[in-house]
1. Looking at region 10-38, which of its residues are within 30 Å of Ser75 (Cα to Cα), of a type outside the set (S, T, N, Q) and part of a loop (DSSP other than H, G, I, E, B)?
2. Any idea how many residues of region 2-33 are closer than 15 Å to Ile110 by Cα and basic (Lys, Arg)?
3. Could you identify the single residue in Leu66, Leu44 that is at pLDDT below 95, in contact with an Asp or Glu (Cβ under 9 Å, 6 or more places away or on another chain) and farther than 30 Å from Glu116 by Cβ?
4. Which count do you get for residues in region 72-99 that are assigned to a strand (DSSP E or B) and basic (Lys, Arg)?
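The values are calculated or read from the model by the stated rules, or taken from the named source; none is laboratory data. The model shown is predicted, which means the values in this text are computed figures rather than measured ones. With ideal geometry, Cβ positions are generated from the backbone for all residues, glycine too; neighbour counts draw on all protein chains shown.
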Amino acid sequence: MDESIKFYTEVLGMEIAEERQRTEPTKGEVVTLKSPTSNQLLELNFYKSDSPFYAPYENGEDLDHLAFDVGNLESAISDLRKKGIEIVVEPYSIGEWSEAFIRDPNGIWIELLQRE
């Protein structure tokens, strides 16, 4: 959870909207994040292996990817490179938008999308 919170706040610039809490009896933790310019919330959950909610993450299972709008894709990619983030799919255009992909610390694909 620490690594994910650090990635989403320090790398992607999100803010903590609701502080991290333990969630008994789920044997888990939860933190809610938001982008500074949006009301959309992102809830991160972590469950211990003996929790009834625990399931080992396998890439491609359940969650395909997250997408975030950015104002300037080239600038966002440049900033991520400076932070040492691997660009998994370099920026490209599809019709009226451009996109690129990175991964979070758990391997979840993150789409960065600039709508023109």
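1. From region 10-38, those within 30 Å of Ser75 (Cα to Cα) are 10-19, 31-38; that's our starting set.
With of a type outside the set (S, T, N, Q) added as a condition, the list becomes 10-19, 31, 33-34, 36.
Answer for region 10-38, where residues must be within 30 Å of Ser75 (Cα to Cα), of a type outside the set (S, T, N, Q) and part of a loop (DSSP other than H, G, I, E, B): Leu12, Gly13, Met14, Pro36.
2. Residues flagged as closer than 15 Å to Ile110 by Cα and basic (Lys, Arg) within region 2-33 amount to 0.
3. Numbers: Leu66 fails: farther than 30 Å from Glu116 by Cβ.
Only one candidate passes the filter, namely Leu44.
4. 0
Listed here are the residues, each with its yes/no results for (1) under 17 Å from Met1 (Cα atoms); (2) among the small types (Gly, Ala, Ser); (3) surrounded by 12 or more Cβ atoms within 10 Å (Cβ to Cβ).
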residue: Leu44; (1), (2), (3): yes, no, yes
residue: Lys48; (1), (2), (3): yes, no, no
residue: Ala67; (1), (2), (3): no, yes, yes
residue: Gly71; (1), (2), (3): no, yes, no
residue: Ala76; (1), (2), (3): no, yes, yes
residue: Lys83; (1), (2), (3): no, no, no
residue: Ser93; (1), (2), (3): no, yes, no
